[in-house]
Structure formats: structure tokens, C-alpha cells
Amino acid sequence: MRLRSVWAVAKKEVFHIVRDPFTLALAMGMPVIMVIFFGYAIEFNMKQISLAVFDSSKSQSSRQLQKTFVSSSYFQSLAVLSPAEAIQALDEGRAHAALLIPPAYAENLRPRSESSVQILIDGADNSSAGSILGYLGGIQQKVLSAEFGPYSEPITVQTRFLFNSELNSRWFVVPGLSAAIIAILSILLTALTVAREWENGSMELLLSTPVRPVEIILGKLLPYSVMGLVAVFFVFIMSQIVFAVPFRGNFLVYLLACLIFLSTYLAQGLLISVVTRKQQLSMQMAMLSGLLPTILLSGFIFPVEHMPRFFYYLTMILPARWFISLSRDLFLKGASLQNILPGFLALCALFVLMMVLATRKFKKDVEP
């Protein structure tokens, strides 16, 4: 391999990028849009949940119960006149849950007798239903404390959340954004490069030169690697300044992991463009193999540990699965290279695999 040839191919690719406004807009605009969209839009902690309330007790205790729900900032009350109206509010989507308080609620509550209320939850959205159920335990404790004052239990469970004490959704989402942005950006850009040259007929001119296939591959990867690293720095700066996500790990380890992950998806994009040779088909294949797996199967939003066993093992061939895991460990846990070594080695293995496949396929196509 001759570095001079690699550099010549890289310079030629830079000229293509500069002359292509679509590529520049994609490279510069996508990180901005994705960071803002995902960083602000994705929120796992539900607030201002609409709660339809039917109070047939109309007592001080029932009003205290409603006040406890509303003062938690998780619920906002919607008064209804009957249980049927509460159910209708659930059917129409005006409420996510309904609180039905029976007439004898206050009488049964004192003195420390049993009293019950009914909570109806819209189960069509199971994530919202799970959040509502999680809030009910704390609200029940507040109601008991308000009615009877502090009381002791045989066993007291004290919970402490490590690494993300406030359970801030942005601290969970933003570290994975670098993986999503790198994957989508790199695979889209490189998937078009070789296909564009095949369609324009410039690939034949390139192949007539003494440049070897591996030199062409590396020369084309180099400019996009720089663009990808610029996107990584942008996401990192946004995470610190805009979202205040702590970074507790080693930045050099994080940068090395980003570079390997970026190169893996660049090689995958080149492999797609070599196989398809059509820009439109390359774009479709890039979205199918890059966007959907990175969002849905990498752990970016849904934990891979809770997936069925087949899909759990399937995610092991996705570079984004390993990078998102080590990215969050570096950001929130301050993990060392030794702690993230399995994911780091998996990224390296996938990078070598993609490079070998792209080079061999390209070499096979250009040889007579």
C-alpha cells in the first residue's frame, strides 16, 4: 500500500464533496437536527399525565388524595361527573388514567381501617402504563403520611440511583446520539460515493490508474472519517454545553472508540455502494441496514437485554450495540479501557470484517 496513492484518492474525494451541496448539507445539517430532535424530544419520565377524577366521597380525605396526585407534578386533574364519563375520557384519549373514589372512602379510612380506590389505566400505551404504575407507590405513601403522620414499618427500603441520580432521560439518550449520528451519516455518505462514480463513468478512469483497490478504499474513507469526527466533536460539545451531560471517562479512549466505530460504518457504506452500484438503491440499503438497526436494535432506546434471545444475539453483529454501551459507560460511569474491553474488541473485529468484505468485493469487481 502506497500512502501517496491513498492521499491522491482522498484529495479527489474532497473535491467531489466540496462540489456536492447535498453531501455538505447532509454532513453539516444532520448532526444539528438529530441532536436537537432526539435530545429534547425523547423523554422517558412522564409528567402532566391527564387523570380523570370521579369523587363520590367529597370529603376532606378524598380532596387530600386528589391534591397528592396533582402536587406530585406527574398528574393533572380532570374532573368528571360519573364513572362512565371517566371511561369515556379514556376512550377518547383525553385522559391516560382515571381515579374513582367510592362514597365511603373517608369513613373506611379512619381509624386506620381499610379503604380502597380504583385506578383505571389506559393500557394501549404500555410504556405510559408502566410509568403510571411506578408513580402510584410513592403517591400511596404520601397519602398515608398526610392522613396519619409519619409511621414506621418493619423494613425500610432506601433506594439510591447510581451514575444518574435524577434519572434524567437526556443523560441516557445523548451519549447514544453520537452512535446514531455517526452510523447514519457515515453509511449514507459512503454508500453514495462508489455508486455515484459507477453511474457517472468516472470509476473506469480511476481503475485505469495504477492505484490498487485497497488504496482506493482507504482514500475514500479518509475524508469521510474527518467529517464523521467533526460530527462527533459537535455532539460532544452539545452534550456538555446544552444538555449538561457529565463525562467521567477518558476522552482519548472515547475518541479512539469513535474512530473505530466510524471506520466500521464507513466500510459498510462502501460495501453497499460496491455491491449495488446505483445511488438510489445504495440509499435504500443504507437506510435499511444503518438507520433502523441503529435506532431499534442497538440499545439506543430499547434495552437489548430484554429482547428475545434470537434478537439479543443478532444485535451482537451490530457495531452500534457495542459502541452505545461503551459510550454510556464512559459518559456516566467513568469506565476505564479495561472495563469496556469486550465491547472495544468487538468493534475492532467488526471493523476488520467490514474492511475485508469491502476490499475483496471491490477487487473482485474490478479484476477482469
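Scanning region 153-179 for residues that are surrounded by fewer than 23 Cβ atoms within 10 Å (Cβ to Cβ) and hydroxyl-bearing (Ser, Thr, Tyr), which turns out modelled with the highest pLDDT?
Filtering first and then ranking leaves SER169.
Just wondering, is there one or more residues in region 27-34 that are surrounded by 13 or more Cβ atoms within 10 Å (Cβ to Cβ), touching a Phe, Trp or Tyr at 6+ places or on another chain (Cβ under 6 Å), part of a helix (DSSP H, G or I) and among the small types (Gly, Ala, Ser)?
no
Out of all the residues in region 92-100, is one or more more than 27 Å from GLN60 (Cβ to Cβ) and in a helix (DSSP H, G or I)?
Looking for residues that are more than 27 Å from GLN60 (Cβ to Cβ) and in a helix (DSSP H, G or I), one finds none in region 92-100, hence no.
So which residues in region 326-345 are surrounded by fewer than 22 Cβ atoms within 10 Å (Cβ to Cβ) and in contact with a Ser or Thr (Cβ under 9 Å, 6 or more places away or on another chain)?
Passing the criteria: only GLY343.
Quick one: in region 279-293, which of the residues that are of a type in the set (S, T, N, Q) and without any contact (Cβ under 8 Å) to a residue 24 or more places away in the chain is farthest from PRO31 (Cα to Cα)?
So, considering only residues that are of a type in the set (S, T, N, Q) and without any contact (Cβ under 8 Å) to a residue 24 or more places away in the chain, the one farthest from PRO31 (Cα to Cα) is GLN280.
Looking only at region 279-320, count every residue that is of a type outside the set (S, T, N, Q) and closer than 16 Å to GLY176 by Cα and tell me the total.
Of the residues in that region, 16 qualify.
Identify the single condition in (1) over 30 Å from GLU197 (Cβ atoms); (2) at pLDDT below 85; (3) in contact with a helix residue (DSSP H, G or I) (Cβ under 6 Å, 6 or more places away or on another chain) that LEU65 does not satisfy, given that it satisfies every other one.
Every condition holds for LEU65 apart from (2).
Of the conditions (1) over 24 Å from PHE351 (Cβ atoms); (2) without any contact (Cβ under 8 Å) to a residue 12 or more places away in the chain; (3) of a type in the set (Phe, Trp, Tyr), PHE243 clears all except one; give me its number.
So PHE243 meets the others, but not (2).
Does region 287-322 hold any residues that are under 21 Å from PHE37 (Cα atoms), touching a helix residue (DSSP H, G or I) at 6+ places or on another chain (Cβ under 9 Å) and among the hydrophobic types (A, V, I, L, M, F, W, C), and which are they?
If the condition is that a residue be under 21 Å from PHE37 (Cα atoms), touching a helix residue (DSSP H, G or I) at 6+ places or on another chain (Cβ under 9 Å) and among the hydrophobic types (A, V, I, L, M, F, W, C), then MET287, LEU291, ILE295, LEU297, PHE300, ILE301, PHE302, ALA320 are the ones that fit.
The values are calculated or read from the model by the stated rules, or taken from the named source; none is laboratory data. In this text, all values refer to a predicted model and were calculated from it rather than measured experimentally. Every residue, glycine as well, gets a Cβ built from its backbone with ideal geometry; the counts of neighbours run over all protein chains shown.
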